1. If R₀ is 35 angstrom, what is the calculated FRET efficiency for the pair residue 79 and residue 144, using the beta carbon separation as r and rounding to 0.05?
2. Hey, what angle do you get for helix 121-130 against the long axis of the chain, alpha-carbon based, 0 to 90 degrees rounded to 10?
3. Which FRET efficiency value, to the nearest 0.05, is calculated for residue 104 and residue 282 with the Förster distance at 22 angstrom and r the Cβ-Cβ distance?
4. Report the FRET efficiency, 1/(1 + (r/R0)^6), for residue 249 and residue 137, where r is their Cβ-Cβ distance and R0 is 51 Å, rounded to 0.05.
5. Go from 0 up to the bin containing the longest alpha carbon distance in region 262-335, width 5 Å each, and give me the % of pairs per bin.
6. Let me have the relative contact order for region 226-335, percent, based on Cα pairs under 8 Å that are six or more residues apart.
7. So how much slack lies between residue 239 and residue 224, counting 0.36 nm per residue of separation and subtracting their Cα-Cα distance, in nm?
8. Residue 175 label point, 7 Å along Cα→Cβ, cut-off 12 Å on backbone N: hits in region 308-335?
């Protein structure tokens, strides 16, 4: 039961039987009146789930030659040829057939490729307070940007930089794939026998056209094409896939790990038709047939202070994709 009690200061207050103050029934707690603040109960996971990007495949597919150094402005290689052969002669002949050699030089230009990252003093303070590795993350982003440029220039070229990529090289042969009984060239509409014929014919064509000089080493396929032959049976009566059958029976020793699925060649062929690349990376003497020329790999220079902003510039010296033996690479696709 409630009763009024007179306090020492002359005021009165209503108490219940347990001498507790009665709360007005109309009083409600607001959101800001809670015992716990909203972010006091928030748990932040230490693992971060960053945006994922596909692998940059150029450096895995082509060797990189760093010969030259930062000061090189052009890169040149020499090629020698020989002419003449012996023939039957008279014992008193004075005009013996002579052999000779000739040489040519091939040059490509070196360009600087730049990138940078920066951070201001407020970001530095905030990163220190939160424990975030700010500089390391920005450096990784900048390096990725540089490698993205190199990757794109190697595969597709860069008209502004003057680089010619693999698919734009005029000296690399572009060969049509024969249509199957379905009158189309896509592998999804071809029989396993027709697909095997495409692969074997492409490899044999390089070997025969170069008089057995260039022996096919690898085959590069778009991802969907690779998955198709890796999962499709050789026939309805066989548990061997098309890919396994080809690797077991091709005369060039091309194994499964040399038949590669690449994102880089998706949709790179005319009309987005099926296509693939056959390549011999080295000559019989071990000379490289194709390589990335990069006299100076990416270097980050000392930090520069601009007002309240710290900037870290980066530079690499790059000359694009160099093809020394174009007949060692063949592109095959449907028309």
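Each reported figure results from applying straightforward, stated rules to the coordinates on display, with no laboratory input. Because the structure is predicted, anything quoted here is derived from the model rather than measured. Glycine also receives a Cβ, built like all others from the backbone with ideal geometry; neighbour counts cover every protein chain displayed.
1. The formula returns an efficiency of 0.45 here.
2. 70
3. After rounding, the FRET efficiency stands at 0.55.
4. 0.55
5. Answer for region 262-335: a P(r) of 3, 12, 13, 13, 14, 12, 9, 7, 6, 6, 3, 1 percent.
6. 24
7. Additional length available on full extension: 3.4 nm.
8. 327-333
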